[in-house]
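Below is one structure; the comments refer to it alone.
The values are calculated or read from the model by the stated rules, or taken from the named source; none is laboratory data. Note that the structure is predicted; figures quoted are calculated from it, not measured. Cβ placement follows ideal geometry from the backbone for every residue including glycine, while neighbour counts extend to all protein chains displayed. Areas reflect the complete protein model, heavy atoms only, side chains present, ligands, DNA and RNA absent. Shrake-Rupley method; radii C 1.70, N 1.55, O 1.52, S 1.80 Å.
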There are 4 protein chains.
Amino acid sequence: MKNRLTDFRRFQYTLHEIIFEADTLAGKWFDVILILSIVSSVVVVMLDSVSAFKTHYGFYLYEVEWGFTLLFTVEYILRLICVKKPLRYATSFLGLVDLLAILPTYMSLFVPGSQYLIVIRVFRVLRVFRVFKLASYIGEASILIRALRASRRKIIVFMMTLLTLVIIFGSLMYLIEGEDNGFTSIPRSVYWAIVTMTTVGYGDISPKTNPGQALASLIMILGYAILAVPTGIITAELSLATQKKVSTQACPECMAHGHGTDAVFCKYCSARLNPDSHS
Amino acid sequence: MKNRLTDFRRFQYTLHEIIFEADTLAGKWFDVILILSIVSSVVVVMLDSVSAFKTHYGFYLYEVEWGFTLLFTVEYILRLICVKKPLRYATSFLGLVDLLAILPTYMSLFVPGSQYLIVIRVFRVLRVFRVFKLASYIGEASILIRALRASRRKIIVFMMTLLTLVIIFGSLMYLIEGEDNGFTSIPRSVYWAIVTMTTVGYGDISPKTNPGQALASLIMILGYAILAVPTGIITAELSLATQKKVSTQACPECMAHGHGTDAVFCKYCSARLNPDSHS
Amino acid sequence: MKNRLTDFRRFQYTLHEIIFEADTLAGKWFDVILILSIVSSVVVVMLDSVSAFKTHYGFYLYEVEWGFTLLFTVEYILRLICVKKPLRYATSFLGLVDLLAILPTYMSLFVPGSQYLIVIRVFRVLRVFRVFKLASYIGEASILIRALRASRRKIIVFMMTLLTLVIIFGSLMYLIEGEDNGFTSIPRSVYWAIVTMTTVGYGDISPKTNPGQALASLIMILGYAILAVPTGIITAELSLATQKKVSTQACPECMAHGHGTDAVFCKYCSARLNPDSHS
Amino acid sequence: MKNRLTDFRRFQYTLHEIIFEADTLAGKWFDVILILSIVSSVVVVMLDSVSAFKTHYGFYLYEVEWGFTLLFTVEYILRLICVKKPLRYATSFLGLVDLLAILPTYMSLFVPGSQYLIVIRVFRVLRVFRVFKLASYIGEASILIRALRASRRKIIVFMMTLLTLVIIFGSLMYLIEGEDNGFTSIPRSVYWAIVTMTTVGYGDISPKTNPGQALASLIMILGYAILAVPTGIITAELSLATQKKVSTQACPECMAHGHGTDAVFCKYCSARLNPDSHS
């Protein structure tokens, strides 16, 4: 009995290595095939929404969709088996996405039309990033994420300012242009202000009166200068992250880290740094 | 008598602590509730402008609006009481906004329709920034403000150039395209030039003739290169403000610069750094 | 006779000081009034093109226009008198602009309608920049100009790449979309490609077919990544120009310039730099 | 016989010098004339697509097109002759472009209408960049290319994120807005998401419902913050490439770093810098 349990443990461990890790050859292949399946199934979902395609190949798309759903169902069950705490995985973000990526197809058997909820499956594409562990791309991704995290607070302050400005400018445009020129309500005017300030500029709503166009001009110029700020914030942090080639060597005396690559002596205890441990 | 005055002084001081400062627990709670009230009242004003909402819930919105107005009136009077120089507060920018945020509702009793001026209340959202004192966000905000202030002159020079260019290009387009293609006057053509140069591009006015489209192409490409300038200005200042964490102290032995602010010993010659020369 | 000539020379010199320089009080006032006149006359020209304004105030605008034209004529003659080489001034860029800014009004006496050429006067707004000599804005302007000049070649290389890309993408879209979807010719398709790549996006021409929209998506994403380049170029140069706080001190031995602000010894001849001459 | 072969070798070498190199005077002239011919032929192809031009000057354009085609045919044959491995040139990218740039004109003799494929000729414009060898522009181009190559991986990671986001947001908008508001399929909604996120904003498809406009506002603001990333990536790399003019040598006396590449003596302790330690 104990032996059988050990066998299961070993099977569970091997499965976990293949499904959740990407260090072994089998694990890498599993990841690559999984990503290709996810991308293919997303393409199928996208094509299924094109009416011309659906009319001609609807039946085949339907079959392929079921094929992928069964495949992902098997994968979901295997994931539940091989983790030590199945409930923890099932309630995690990726676990919920994995479940939601297969449910709508089953639901469509009882509730017609619900198969369109399958688009939730596109969230599984996020797994692509985990596969980057395969390559050295993860390093670059982490630099980007670190830079974005470091500028988190500046971006929140900036977003608050932007939100205040679009509400104020949207309200002013609502008063100036009025409902006849497409600015039918303050929320819609705020939507227009966001479309203008982010320089998207659909043109579905645009100022018609002279004072409205004058204010819009002001908003655009101000908006552009203001929107240079997030670029500045992220660039400044990325420059730091790119330049900050901090040496990985530790001081042989006090074990302190974080010395510059040009440091000869430890800046905390003055001991000579070991040049051999340079990375 | 003197005792009563002292009581009032103490009451005034406590009130000031709560309303104007955010250091005490009561002050923090007051700020949080105030911000929530302001945001709620702005949402009510915004919903009131949506005709579908107004038809169904107009009466409730009316009541809620009056509730917020009375609340803000009480707050305004308390603010007048607790400051030492009430007139100075009443004539300050925030004081005027506080007054203008309650007046339109009272005015609407005598002048129908004037309650729409209540959108001025959205300016009170600016108070949100003061609440940042609660968190360490104020530091990030001040870095942004310092960077913007440092690049003030460069941005003014840039704005003057931009204004000259849009007037010149707008006038040229007015001559080339003429009134039949939507360029009905020079101011409107300048508005088009601003829409184009800031890359908003509504499309409500767009060149129709061949020379017009050729000039527009030139304006777009030139415009893009020129609009890279404010981004460059703000990024350069933000980079300086972000990097400026390097100590300005020099090593007393080898005079080397560029030590981190946390350095105790020179990283080049191991001499002890003089903490007095810290800047 | 000689005395009279000297008198004229002195008058000429004083006039030159007032009109061309901004060091004296009279010169500063002349510049400020001139700028106000130019701005006012440009506003009058702009208002004159608005049909509603012209109908009501056309006669007054006409009179004001003549007033400004006479004023600028007097100024032009005075400029010719006070410079030593009148022909050189008259054939310079600013001299030609000064002449072209007054000619159209006189021409309109003989050729009706030619007064619209007066928009050339807006070029005189460029003089605004000379007045910056009044303030310290000239320093900031020169940093911007230096940064733009330093990145001149990179920008030309970039512009050539952009031009090649818009021609190639424009031609491809002409073949894909065809004349029925608004892509009536290759030049017009190239115009569309420029509108798209600079993220202006009027929407007057937009892809209708599936392969067209796919290619357009590719162009947009590629375009955005490519258009990050001019921003990067200008930012990098501006960062250098902002950080490069080069000391203005010269070496007392070899007279070499360009030492860093942290330099103690001349980097060319090892002589000790004079700290008193620090700027 | 051997002499004749040597003659051919010499002729081949001289031809190669002229056609493929730009070091000699003849080579420079050949390149300049070639570029002018390519640009002219591209202009002719572009004008030929304008119906008004074709009606009037169609015959002349036809003749000029044949002239350029014969010229480029002679050039192609000469290129084949003067290279040592003709097959290698013929199968290279530029060799194929050279062939494809002349084929369509000949094809149009048998298959009417195929002369429009001649637009492939615009790819020859890429040769313009080789001529930059003439000037020092190649250095600037290589800085740009190096910066782009260094940020290659970051840009790929960014593009993957962008692609995931536009698929998710496009699918959501398809569900929210539906086919009645122009979001006829998921691929078309993804196209809309790309148009919005890159701030192009044609306005051919735009959200009509309230939740749709709310989500679009979110996408725009998020999109702007995200699109600041490629600018940041390229700017950070360009800053590094531009700044990297600081010598990596250390002073042999005080070990100080950060000397300019033109420094002869240490700016901190006046010791002579060791030119051998230059990197």
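Restricting attention to segment B:186-198, the residues that are facing chain C (nearest Cβ under 7 Å) and open to solvent by 10 Å² or more (accessible area, probe 1.4 Å) add up to 1.
So that you can scan it fast, the table gives a plain yes or no per residue for (1) at pLDDT 65 or above; (2) in a helix (DSSP H, G or I); (3) open to solvent by less than 10 Å² (accessible area, probe 1.4 Å):
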residue	(1), (2), (3)
D:D204	yes, no, no
D:L218	yes, yes, no
D:G223	yes, yes, yes
D:A228	yes, yes, yes
D:E237	yes, yes, no
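Just checking, does segment D:31-49 include any residue being more than 27 Å from C:S171 (Cβ to Cβ) and more than 14 Å from every other protein chain (Cβ to nearest Cβ)? For segment D:31-49, residues more than 27 Å from C:S171 (Cβ to Cβ) and more than 14 Å from every other protein chain (Cβ to nearest Cβ): absent. Remark: pairs (first residue in segment C:71-89, more than 13 Å from C:L15 (Cα to Cα); second residue open to solvent by 60 Å² or more (accessible area, probe 1.4 Å); Cβ separation under 9 Å; 6+ apart in sequence or on different chains) = C:T73/C:Y106. Across segment B:1-18, the qualifying residues are those that are assigned to a helix (DSSP H, G or I) and hydrophobic (A, V, I, L, M, F, W, C), and the one among them that is surrounded by the most Cβ atoms within 10 Å (Cβ to Cβ) is B:I18.
Among the residues of segment D:3-53, the ones that are under 19 Å from C:S185 (Cα atoms) and either touching a residue at least 60 places away in the same chain (Cβ under 8 Å) or not hydrophobic (A, V, I, L, M, F, W, C) (or both) come to 8 in all. Among the residues of segment C:51-98, what is the count of those that are open to solvent by less than 50 Å² (accessible area, probe 1.4 Å) and either touching a helix residue (DSSP H, G or I) at 6+ places or on another chain (Cβ under 8 Å) or not in a helix (DSSP H, G or I) (or both)? Qualifying residue count for the region: 18.
Applying the criterion of being within 20 Å of D:G67 (Cβ to Cβ) and of a type in the set (F, W, Y) to the residues of segment D:19-39, the residue that is surrounded by the most Cβ atoms within 10 Å (Cβ to Cβ) is D:F30. Of all residues in segment C:169-182, those that are open to solvent by less than 10 Å² (accessible area, probe 1.4 Å) and within 13 Å of chain B (Cβ to nearest Cβ) total 1. Only a single item in (1) within 12 Å of chain A (Cβ to nearest Cβ); (2) modelled with pLDDT under 85 is not met by D:Y116, and it is number (1).
Under the condition of being surrounded by 17 or more Cβ atoms within 10 Å (Cβ to Cβ) and either touching a strand residue (DSSP E or B) at 6+ places or on another chain (Cβ under 8 Å) or farther than 19 Å from C:G95 by Cα (or both), the residues counted in segment C:40-49 number 6. Of all the residues in segment C:138-168, those that are open to solvent by less than 20 Å² (accessible area, probe 1.4 Å), at pLDDT 85 or above and more than 8 Å from every other protein chain (Cβ to nearest Cβ) number 1.
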